[in-house]
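The structure under discussion appears below in the form of structure tokens.
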Amino acid sequence: MSTVADDAPPTIPVPTVPAGRVRPGLAAAVRVELAKLTAQWPLRIVIVLCVLVPVAFAVVMRAASTMPADTLFGRWAGTTGFATSLTVLNWAASYGAPLLAGLFAGDIFASEDRLGTWKTILTRSSTRTQLFLGKAVAATLSVWISFAMIGVSSLVAGLAVVGSGPLVGLSGQAVGSGSAFGLVAASWALSLVWITPFVALALLLSIASRSGIIGVLGPVLLALVLQLLSTVGSGQIVRSVLPSTPLDAWHELLTDPLRTGPVLQGVLTSVGYLAVFSCAAWYLLRRRDFAGIDAAPANRRPAAVRISVAVAAITVVLLGLSGVGGTALTARRLNTSIAATFGNLAEVRYEWQTGSPADNTIPWQANCNRGGTPIGVGVSDSSGAGDDWSCTITDIRPSDGAGVTTLDLTLKSNGCYQVQSSPGAVGALYVNDDHGKPFINPLYAFDGCLGTS
Amino acid sequence: MREDPALETHALTKSFGDRMAVSGVDLRVDEGSVYGLLGRNGAGKTTLLRMVLGLLAPDSGSIEVFGEHAAAGDIAARDAVAGFVEEPRFYPYLSARRNLELLARLDGIQAAVTPDAALRLVDLADRSGDKVGGFSTGMRQRLGLAAALLRSPRLLVLDEPTIGLDPASALTVRTTLRSLAERGVAVLLSSHNMAEVAEICDRVLIIHEGSMVWDGTQADLQAAAPAPAWRVWTSDDARAAAVATGSPVRLEVGGRPAAPLTVHGGDEQRDAFVLELAAAGVAVRRLEPDVPPLEALFAVLTGGVDGNVVPERVLVGGVA
């Protein structure tokens, strides 16, 4: 085979024998797509923001007097860098991930339609399968790397700016810095699983609609709809099929004892949606003719309309079914969770205050109910998400007979709760240790999760 | 034994809804030749080329490339094929060189021509670092040819490769295509430019309403073309008509004042007629060719005539 070198005078090439061509592999298609993605300045800006925004957040948390207490771990975001990173993870997983999926994957197929370059790449030696997989892998890698950069940036900035103090877990347990580092990293890594179906959805929308706008905004809109469905529905049936269920799987890693069931369920749910979205995307691309815009049937209903109608119909159905099925958010399970969390936090507070190990044998008992109904007076077992829960915590040691502590509690549909204690019973937000140094009273207000299954 | 042609189609058919774009096309393209595909807008040229390049699946019929059946999307069967349809398109945010580098990666690692060498071949070396978004139509055409040459194809399929090019660039492209054919490459190009087809094509294919209505050599086409005609402005049309009565030429008198006469006949008959006019004291003020024979035949084959009258749009602007 002749080769025209760069420094040779221009001559007409001699045709080659087809059998001599080395067929490009998937790696070539992936590299080409990554090169195209990273050459686009809007996506470069996104990558830079993935690094800078978490750093800015850590700096703000270091200086701010008010913490984002409505967010899981937010009340500790200015105390330890591990909580700073987990606070960012809440937002990144809920809104950042769908946005990243849309930005990197939502336009990756549609842009070929917009630029008219399908005919350019489909007449090379890479197969349609290789091009599909190349785009899918490149988009997924880009989203994963961007998401990981948020995680690394938030953790490094948090530790550097806020500090590396111990983390208070979702069961009230104290987590040492070494363990916390691993758990935070694992939480970010587990969230990559939840992101992947959104990447596949963005790819599907990009292929089906041939519109970058739908491909980019579609995953974000779906995430908002899922948030709505998750908020209004605590029924097991709908929750078990929502693609947002795996979003909460990382909570389990910060719970003691760790329950592997919900983690496994989250992974399986994600894999299921990933398979459905990916196969549908591949099917549509595989059967597509590239006949040019003039050959499109004139009466074809715009894909945007069809997709919108389908999403609206599915949403309405799921909303209708949102309350159907039993719920795992029962007073019985809440009693167990609150008692354990409060007990762990009482130990943490004692240790922070005295520097000595706490007595971990104190039996705590919780009684929770909704709507202000007097607890324990023959009322039925309450259930469901809401901000009208209240609990009483009692130290049931016969010798001590400690007083009863009342807690106001908001139980969310994702199985996590926010608790506000009575200051008179547990002390103020800031208390002093035995050396006079103030620290945040972990019993004053706290978070926990009991899961939804 | 007869060698497999570079391209052969059998009863190739494609429709879009109720519209038949290509109907039962049988086509054979041999190595070392340039084939010109002619047809009016919407005749089915681009659809046919899209099927040849594997971008579009035919409803029925088959395509063979160098003797191997090539289904739509069958990349392996089209390893020896390169080309483009409609205007070549590239990534506007990348430079010309970067575009070619990425396409070369999609071709495999044994590219016979480097991107820089391909750019020099089409005279774009000095713009290789510029983003394609700033390129003119003609530059994108040349870049499209460079992208095709990267594959060192044995069959080159081009859709109007010189459209939008300045005369010098168009000449370069035509020369390049002829050189490729001399090196054994089969070239199938569509064009609206009859003169270009006459200049570089060995065979001419004419497609009309999806069907192939002509497949022959330039010589075949010339032989089948109507007799040439000239438009003549004289000092005395009435006397000129009288002279023509006894001449072997056929004369049409223009219907409008100051309209020229139209003389039908071969070169020798035309010369004799001009001399007879001179002898009769009729001055020939202007003499110019009427519709070129190829264009006239094209118009006849593609329904562009009403009786024997070629429409003005065909005469003046070439094929519409």
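A short reminder: the numbers here are calculations on the coordinates, not readings from a lab. Given the structure is predicted, the values throughout are model-derived calculations rather than measurements. When we count neighbours, we look across all protein chains shown, and the Cβ atoms used for this are built from the backbone with ideal geometry, even at glycine.
List of remarks:
- When chain B is treated as a Gaussian network with alpha carbon springs shorter than 10 Å, the biggest mean-square fluctuation among B:Arg97, B:Arg120, B:Arg40 belongs to B:Arg120.
- Report note on the peptides A:94-103, B:19-28, B:243-252: ranked by the mean count of other C-beta atoms within 10 Å, highest first, their order is A:94-103, B:19-28, B:243-252.
- In chain A, taking the dipole from charged Cβ atoms about the Cα centre, the farthest positive-side position among A:Thr140, A:Ile393, A:Leu407 is held by A:Thr140.
- Dipole magnitude for the protein assembly as shown: about 960 debye, using +1 per Lys or Arg Cβ and -1 per Asp or Glu Cβ, origin at the Cα centre.
- With only Cα atoms counted, chain A has Rg and Dmax values of 26.8, 100 Å.
- Per-residue ³J(HN,Hα) for segment B:133-146, Karplus 6.51 cos²θ - 1.76 cosθ + 1.60, θ = phi - 60°, Hz, x for Gly and Pro: x, x, 7, 7, 4, x, 5, 5, 4, 5, 5, x, 5, 4
- Peptide-level mean, for B:42-49, of C-beta atoms on other protein chains within 10 Å: 1
- Shape class for segment B:229-289, computed from the alpha carbon gyration tensor (a ≥ b ≥ c): rounded, with a/c under 1.5.
- Working note: 222 nm ellipticity from helices only, DSSP H runs with n ≥ 4, each -39,500 (n - 2.57), summed and divided by the residues of chain B, gives -9500 deg cm²/dmol to the nearest 500.
- Note on B:79-91: average number of Cβ atoms from other chains within 10 Å of each residue's Cβ is 5.
- For B:56-64, mean number of other protein chain Cβ atoms within 10 Å: 1
- Dipole in debye (nearest 20) - segment B:7-217, about Cα centre, beta carbon charges: Lys, Arg +1; Asp, Glu -1: 560 debye
- Per residue, the average separation of C-alpha pairs within less than 8 Å and at least 6 apart gives chain A a relative contact order of 14 percent.
- Segment A:82-102 versus segment B:78-153: alpha-carbon centroid distance in Å: 41 Å
- Mean separation of Cα pairs under 8 Å and 6 or more residues apart, divided by the residue count, gives segment B:30-125 a relative contact order of 16 percent.
- Applying the Karplus relation 6.51 cos²θ - 1.76 cosθ + 1.60 with θ = phi - 60° to segment A:309-316 yields 3J(HN,Hα) values of 4, 5, 5, 4, 5, 5, 5, 4 Hz, where x marks Gly and Pro.
- Expected 222 nm ellipticity per residue - DSSP helices of 4 or more, -39500 (n - 2.57), all of chain A, to 500: -17000 deg cm²/dmol
- Unit charges on C-beta of K, R, D, E only; dipole of segment B:229-289, Debye: 220 debye
- Across segment B:229-289, Cα pairs under 8 Å and at least six residues apart give a relative contact order of 49 percent.
- Taking the fewest neighbouring Cβ atoms within 10 Å as the starting point, the ordered list for A:Lys119, A:Lys135 is A:Lys119, A:Lys135.
- Put simply, the amide H of B:Thr234, placed in the peptide plane, has neighbours under 5 Å in B:Leu261, B:Arg285, leaving out anything fewer than 5 places away on its chain.
- GNM result for chain B, Cα springs below 10 Å: residue of B:Pro115, B:Pro226, B:Pro167 fluctuating most strongly: B:Pro167
- Since only B:Ala195, B:Gly281, B:Ile207 are under comparison, the one whose Cα sits farthest along the positive direction of the charge dipole of chain B, derived from C-beta charges on Lys, Arg, Asp and Glu, is B:Ala195.
- Local net charge near B:Thr175, Cβ-Cβ under 15 Å (Lys/Arg +1, Asp/Glu -1): 0
- Applying a 4.7 Å Cβ-Cβ cutoff to chain A, the cysteines left without a disulfide-compatible partner are A:Cys50, A:Cys279.
- Each label was represented as a point 7 Å from its Cα along the Cα-to-Cβ direction; for A:Asn432 and A:Ile213 these points are 6.3 nm apart.
- The distance from the alpha carbon centre of segment B:225-301 to that of segment B:184-201 is 31 Å, rounded to a whole number.
- The distance between label points at A:Phe439 and A:Val232 comes to 4.5 nm (points 7 Å beyond Cα on the Cα→Cβ vector).
- Rounded to 0.05, the FRET efficiency of the A:Ser356 and A:Thr394 pair, given R0 = 22 Å and the Cβ-Cβ distance, is 0.35.
- Eligible lysines near B:Lys45 by straight Cα distance, threshold 25 Å, same-chain separation 8 or greater: A:Lys119, B:Lys14
- Taking θ as phi - 60° and the Karplus parameters 6.51, -1.76 and 1.60, the scalar couplings of segment A:174-185 work out to 7, 10, x, 4, x, 5, 4, 4, x, 5, 5, 4 Hz in sequence order, x denoting glycine and proline.
- Distance between segment A:146-200 and segment B:1-61 - C-alpha centres, whole angstrom: 59 Å
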